[in-house]
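The values are calculated or read from the model by the stated rules, or taken from the named source; none is laboratory data. The model shown is predicted, which means the values in this text are computed figures rather than measured ones. Cβ placement follows ideal geometry from the backbone for every residue including glycine, while neighbour counts extend to all protein chains displayed. Protein only, heavy atoms only, side chains kept; ligands, DNA and RNA dropped before computing areas. Shrake-Rupley method; radii C 1.70, N 1.55, O 1.52, S 1.80 Å.
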Amino acid sequence: MKMRMATDMRRFLQVEGAARMLFTLICYGMGMGILAPMNAIYLSESIGLSKGEVVSIFVVSLLLNMGTTITVGLLSDKLRSRKKLAITAASLCLIGLLVYMRAEGYIQALIGMCIVSAPSGLIMGQLFALSRNHFSRLAGDIVEMAQIWLRAGYSVGFFCGLLAGANLYLIATFQGVLWGNFAGYALLVIMLLTYREHTEEKNQSSPGAGEPFSFVMLIALLLLASADALRGLYLPLVVKSLFGKPEYVSYIWSTQAVFELLFMTIAGYWAAKYGSRKIILLGGICALITYSVYALHSPLIVFFLIQPVYSFFVSILYGVAMGYVQRMFVGRTGFGSSLYVFISLTASLIGYVLPLFIEGYDPSIFVIPMSLVLISLMIICIVLFRERRSSKPSQLLQ
């Protein structure tokens with residue numbers, strides 16, 4: 001596998017525009033990572049909003065984001081240029097951030113967050129639709145691994161942003177964090193302006209390149225993503241409640257950057273060899289272990305030590321699972337990419353709302369993602385069992 005990995009990586013870097021696209025996703029990830037762990041704390045501490053108000057802002061902005069993402073996903077495959085869509089969306093995010101960072105109350109914060117969030121899912125979906133078209137045209141043999149490495153680049157940028165965000169917070173408080181997020185979107189716009197889009201998609205898919213549509217598996221992925229979304233919003237608040245310092249969250253998350261690229265690559269090759277569903281099942285087991293640790297009021301050092309285990313789950317959820325959903329719609333790259341983002345956004349909505357039934361920011365909140373993961377694992381096991389049982393008669397006939 002090492003020889004194949006090295007060959008594929010060289011091939012990836014030799015493709016025209018690949019390095020620019022990778023750097024674009026790193027910049028975008030860095031901008032997002034600077035704000036992500038501090039967002040809920042900013043609304044709670046700096047603006048002074050209640051738990052219900054914080055959740056309502058995330059819910060309303062997410063609903064707008066979901067509507068925009070799936071609508072544009074349905075239409076984008078008929079458009080000649082996806083690049084213009086992404087540039088327009090990123091420009092709107094910049095305007096929204098200017099409103100958001102000047103918010104003094106609930107209404108201003110809500111308006112700013114809605115303008116920032118509504119087009120953000122569109123950006124991610126169209127970036128990966130662009131990249132799939134790009135590699136399908138220029139390097140069809142490494143499309144799947146190229147998608148995984150680009151997603152890994154986003155993750156590496158995201159976790160570098162987490163580290164930068166923690167230091168910006170210490171140096172320049174929340175305003176420094178918000179301006180860092182602004183710089184990330186600005187860099188994204190600049191990189192997209194200089195990117196040459198390949199608008200003519202070349203269909204190089206072999207008959208076995210796609211995946212059969214499975215609504216049940218989409219539900220299983222939704223449950224896994226919901227568990228991760230709950231962790232994304234509430235882990236910063238739980239860590240602050242337990243240990244008193246919000247910057248610890250950025251340091252905890254940034255430890256994942258060390259493992260992200262390696263784990264996504266390994267998971268991608270394992271998925272090609274053993275099947276995406278089996279690897280997604282393995283990732284879910286890693287998530288279950290991590291949430292159990294979170295729920296047990298563990299010491300701070302344990303929160304750091306468990307991150308590699310969770311990093312493997314995240315690598316599978318955002319690498320292997322993304323490609324799995326896209327391959328269900330091989331001939332519709334824009335819709336396939338947008339559907340995956342839509343699932344992630346729906347998961348965020350579920351993850352934000354469920355903990356409202358638990359008072360405060362107690363670690364017992366993580367019993368909820370444990371339950372979601374358990375249900376998802378049961379669904380995947382049933383799918384794998386049925387698949388194995390249905391394949392036995394054909395094996396006997398051979």
>> Taking 51 Å as R0, compute the FRET efficiency from the Cβ-Cβ separation of residue 296 and residue 213 and round it to 0.05.
In response: 0.85
> Which loop-located trypsin sites (Lys or Arg not before Pro) does segment 1-104 contain, where loop means any DSSP state but H, G, I, E or B and the Cβ has at most 15 other Cβ atoms within 10 Å?
Replying inline: 78, 80, 102
>> Please check: in the Gaussian network model of the chain (C-alpha springs, under 10 Å), which one of 307, 14, 326 has the largest mean-square fluctuation.
In response: 14
>> Semi-axes of the equivalent ellipsoid for the chain, please: Cα gyration tensor eigenvalues, times 5, square-rooted, ordered largest first, whole Å.
In response: 32, 26, 19
>> I'd like to verify something in the chain: which complete DSSP H helices, judged by Cα projection on the helix axis, reach 20 Å or more and average at least -1.0 on the Kyte-Doolittle scale?
In response: 18-35, 51-76, 83-100, 120-138, 143-193, 215-243, 257-274, 276-295, 333-353, 367-397
> log₁₀ I(q)/I(0) of segment 119-161 at q = 0.15, 0.18, 0.20, 0.29 Å⁻¹, via Debye over equal Cα point scatterers, no solvent, to two decimals?
Replying inline: -0.40, -0.55, -0.65, -0.99
> Using every alpha carbon pair in segment 13-93, what percent of pairs falls into each 5 Å bin from 0 up to the bin containing the largest distance?
Replying inline: 3, 11, 13, 18, 19, 15, 10, 6, 3, 1, 0
>> Going by Cα centres, segment 126-197 and segment 221-245 are how many Å apart?
In response: 22 Å
>> Compute a Gaussian network model of the chain, connecting alpha carbons closer than 10 Å, and tell me which residue from 48, 176, 283 fluctuates the most.
In response: 48
> To the nearest µm²/s, what D does Stokes-Einstein give for segment 1-158 at 37 °C and 0.692 mPa s, using the Kirkwood radius over alpha carbon pairs as Rh?
Replying inline: 191 µm²/s
> In nm, to one decimal, how far is the residue 19 label point from the residue 243 one, both placed 7 Å along Cα→Cβ?
Replying inline: 3.8 nm
> Using alpha-carbon positions, what is the distance between the centroids of segment 308-353 and segment 38-108, in Å?
Replying inline: 19 Å
> Given q = 0.11, 0.19, 0.24 Å⁻¹, what are the Debye log10 I(q)/I(0) values for segment 278-386, with equal point scatterers placed on the Cα positions and solvent ignored?
Replying inline: -0.42, -1.11, -1.38
> Taking all protein chains as present, what is the carbon and sulfur share of the accessible area of the chain, in % to the nearest whole number, probe 1.4 Å?
Replying inline: 67 percent
> Solvent-accessible area per residue for the chain at a 1.4 Å probe radius, Å²?
Replying inline: 42 Å²
> Which of 388, 231, 132 moves the most in a Gaussian network model of the chain with Cα springs under 10 Å?
Replying inline: 388
